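Structure record follows, encoded as structure tokens.
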Amino acid sequence: TTKAVPNHWKEVPTQLLTSGDDRIIKFWDVSLSMGTTSPIAGGLDTLTPFSSSTPNAILPMEQIGSQVPGLVKPLLSLHTDHHGNVFHITPIPSDKGKIISCAADGFVRLADVEIHALSSSSSSFPNRRSTSHTPTSIIISPEYDDTSGSSSLSPLLRPGMCFSHVLLNSHVGLVCSERGLRKFDVRLPPREQQRWSCLMTGEGGRRNGGGGGEVQTCKACAVWKGGGNGGEGEENLESSYVFAGGSSADVALYDLRMSSSSSSPSRIVQRYRPQHLNGSNNSSVSVSGIDVSKDQRELLVSYENDQIFTFPIFPKSSSPAGPTLEELSTYSNLYHSNGAASDSNENDDDDNDDSRKSNMILPELAAYGGHLNRYTFLKMAKYAGPNDEYICTGSDSGHAWIYERSTGAVVFLLKADNSTCNGVVPHPSLP
């Protein structure tokens, strides 16, 4: 299974990065295939996936070579040194050539493309596509998953998988894993990385290292830049708020400023859940992808074993730009005061308790379905278009689905893979 992301370095808007079960990051040049089809026969397993309908087309001699229209050109294959399937890769926007990867082996790694290119430049075939194998540096290692700071990885224990990650600024990011949501800094060695999860394990707020609670799995997250905190674009990535979801139907907005140690949990500002997934109806449902609209007013969530839903982030905000920091503090205080009252009243029956908690959870705006999301657990969904006019996702059938956001109609269905299509990612700058 392959995951693809566009290259976020401004100088190379026509490069594509892919990763998959082979634990290799591959670089491709798609400039010749954008808006064109190839005159030679091809298919999904060839370098000319955008092929002509005429299989026996005759090429002029001057077109034979590396400039064939519709060609997807391989540039570099980079070994990640992961020992499990690579789930997510992210180019660092402000640091050209640096790529963060995370995988099923529980590691988060940093690769430098320029170092890999230099190490392979001494090849006897300089014009040949290279497969470079220079060790990558480790950011997070599962052997430091406990809170003591000592090495704790036993050969008998499986390390918690790292599913995805997101950058908060040029150096600091968050990784979603079976060990929770953890901060990392690309400048620090593994021993000095944060070891506690930013997420609460339940309404009581217990977390790993804080009260003996089990760690809450985090499968997806997205940074929220509302409340006058941060702005759109890679020059201003800093934010203190993040949406996160895991092995349940709930997605919560967290205030990361409250997570300063293993004993101080992140504060929940608001929760979101589809109405039909209340109670026992959500036992087989989990979050597989999260995205936020460009105006920071709408939340998009993809669910394993269910559909895609959008949510209003703060529908009762008095300002079109969203709530202020003061209003966010009020929302958070209200949520926790209601939750504390619910937990402290032991004489309430379960029905009243569920009703009280449901009143603190926002329901969906719209649903988008028809695709299949059962065979893999990280099938993402993304807003697309200059003004987020579309919603795109993958499917177990191998198709890429594109919906019209306003109506829910399927406007495009593309056969993207012979097996499962886990994600469809819009280009960061091209329409």
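The values are calculated or read from the model by the stated rules, or taken from the named source; none is laboratory data. In this text the structure is predicted, and so the values were computed from the model without any measurement. We place every Cβ from the backbone using ideal geometry, glycine too, and count neighbours over all the protein chains shown.
The table that follows gives values for the structure above.
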quantity: Residue count for segment 375-416, restricted to those that are of a type outside the set (Val, Ile, Thr), exposed (fewer than 15 other Cβ atoms within 10 Å of the Cβ) and either part of a loop (DSSP other than H, G, I, E, B) or out of contact with any Leu (no Cβ under 9 Å at 6 or more places or on another chain) (or both); calculated: 9
quantity: Members of segment 303-325 that are at pLDDT 75 or above and surrounded by fewer than 12 Cβ atoms within 10 Å (Cβ to Cβ); calculated: Pro315, Lys316
quantity: Filtered residues of segment 348-368 (kept if of a type outside the set (A, V, I, L, M), at pLDDT 95 or above and in a loop (DSSP other than H, G, I, E, B)); calculated: Glu364
quantity: Within segment 287-302, tally of residues that are touching a Phe, Trp or Tyr at 6+ places or on another chain (Cβ under 7 Å) and crowded, with 20+ Cβ neighbours inside 10 Å; calculated: 9
quantity: So Ala367, is it surrounded by fewer than 17 Cβ atoms within 10 Å (Cβ to Cβ) and hydrophobic (A, V, I, L, M, F, W, C); calculated: yes
